[in-house]
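Q: Structure provided below as structure tokens; questions to follow.
Taken together, the values in this text are just the output of simple stated rules run on the coordinates, not laboratory data. Just so it is clear, the structure is predicted and the values come from calculations on it, not from any experiment. Quick reminder, even Gly has a Cβ in these numbers, built from the backbone with ideal geometry, and neighbours come from all protein chains shown.
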Amino acid sequence: MKRLFLTSSVSFVAEDIAKKLKQKGLKLLFITTPAEGDHPNEPDPQWLQDDRNALIRAGFIVNDYTITNKPLSEIEEKLNKHEVIYITGGNTFYLLEKIQQTGCAEAIRKVVENGKIYIGSSAGSVIAGPDIYPVLKFDSVEKAPNLKGYEGLGLVNFILLPHWGSEDFRNLYLSQGLDLAYDSKNKFILLRDGQYVQVEDDKYKIVDVVR
């Protein structure tokens, strides 16, 4: 069964996700690559620490990892050795560029299709969809000068727009953030920080944790 939990900010919902999994001590690969694109001079910003600590408190065994400049064989080994694949927030375009450069997209799809649990937070949730172009005004695409196209991982058939209702993102959404999302081609889910999308195979639902 394909199982995904797509969040805006995992620190708000990690405990609830852990309850759904009903198993403590799952080994979680904490992929920090998108955070590098947003914070090249600050490798462990506070929000990343908050997300990591929330997952640890929820009972996951968390191992930090980046795919940047890693050979595909090593990435595949790391994916196979963990029960949960987690991709952090940060710059979605930088993340996609590193996925393209390492050629690991198919490896991620394969392990998720074969039953590995996928958890995304913000950029890690956006990349799970079919196309990241609609978030062009959310992140700096200049951080990914070698990006070749905008195709996401395609693990789900919708595009998640994170942090809906957050005061930090209010001006971005209301001034220009939705310009590229206003089309009839894609399905969109606007997700608050206190919610997540639970996906099982081709079915999905929005779960409210913080109301």
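Q: Which whole-Hz couplings ³J(HN,Hα) result when phi for each residue of the range 40-52 is put into the Karplus expression 6.51 cos²θ - 1.76 cosθ + 1.60, θ = phi - 60°, listed in order with x for Gly and Pro?
A: x, 9, 9, x, 9, x, 4, 5, 5, 4, 4, 5, 4
Q: How far is the Cα center of the range 21-76 from the Cα center of the range 80-159, in Å?
A: 14 Å
Q: Can I ask one more? Straight distance only, please: which lysines reach the Cα of Lys137 with their own Cα at less than 22 Å, same-chain residues fewer than 8 apart left out?
A: The reachable lysines, counting only those whose Cα sits under 22 Å from Lys137, are Lys98, Lys148, Lys185, Lys187.
Q: While we're here: With labels modelled as points extended 7 Å from the Cα through the Cβ direction, what inter-label distance (nm, one decimal) is found for Asn80 paired with Lys187?
A: Output for this residue pair reads 3.3 nm.
Q: Right, here's the next one. Computed FRET efficiency, Cβ-Cβ of Asp44 and Tyr204, R0 30 Å: what is it to the nearest 0.05? Kindly include the intermediate steps, with their values, before the conclusion.
A: Working: r = 32 Å, r/R0 = 1.05.
Result of the calculation: an efficiency of 0.45.
Q: How long are the three semi-axes of the equivalent ellipsoid of the range 93-190, in whole Å, if each is the root of 5 times an eigenvalue of the C-alpha gyration tensor, listed from largest down? Numbers along the way, then the final one.
A: Values: eigenvalues 106, 51, 29 Å².
Rounded to whole Å, the semi-axes are 23, 16, 12.
Q: Next up: Give the aspartates and glutamates whose C-alpha is closer than 19 Å to that of Lys81, dropping any in the same chain fewer than 8 places away, or say none.
A: Within the straight-line limit of under 19 Å, Lys81 reaches these aspartates and glutamates: Asp64, Glu106, Glu113.
Q: Sequence neighbours fewer than 8 away in the same chain don't count; with that in mind, list the aspartates and glutamates whose C-alpha is under 16 Å from Lys20.
A: Cα-Cα hits under 16 Å: Glu83, Glu200, Asp201, Asp208.
Q: Any chance you could run the full-extension gain for Thr68 through Lys20? It's 0.36 nm times the residue separation minus the Cα-Cα distance, nm to one decimal.
A: On the way: separation 48, 0.36 × 48 = 17.28 nm, distance 3.12 nm.
Computed gain between Thr68 and Lys20 is 14.2 nm.
Q: Right, here's the next one. Can you say what percent of the DSSP beta bridges in the chain, counting only those with both residues inside, are antiparallel? Round to 5. Write out the running numbers ahead of the final one.
A: Details: 12 of 33 bridges.
Antiparallel bridges: around 35 percent, rounded to the nearest 5.
Q: Step through the residues of the range 194-200 one at a time and calculate ³J(HN,Hα) from phi using the Karplus curve (6.51 cos²θ - 1.76 cosθ + 1.60, θ = phi - 60°), rounding each to whole Hz and writing x for Gly and Pro.
A: Computed from phi, the couplings for the range 194-200 are x, 10, 8, 9, 9, 10, 10 Hz.
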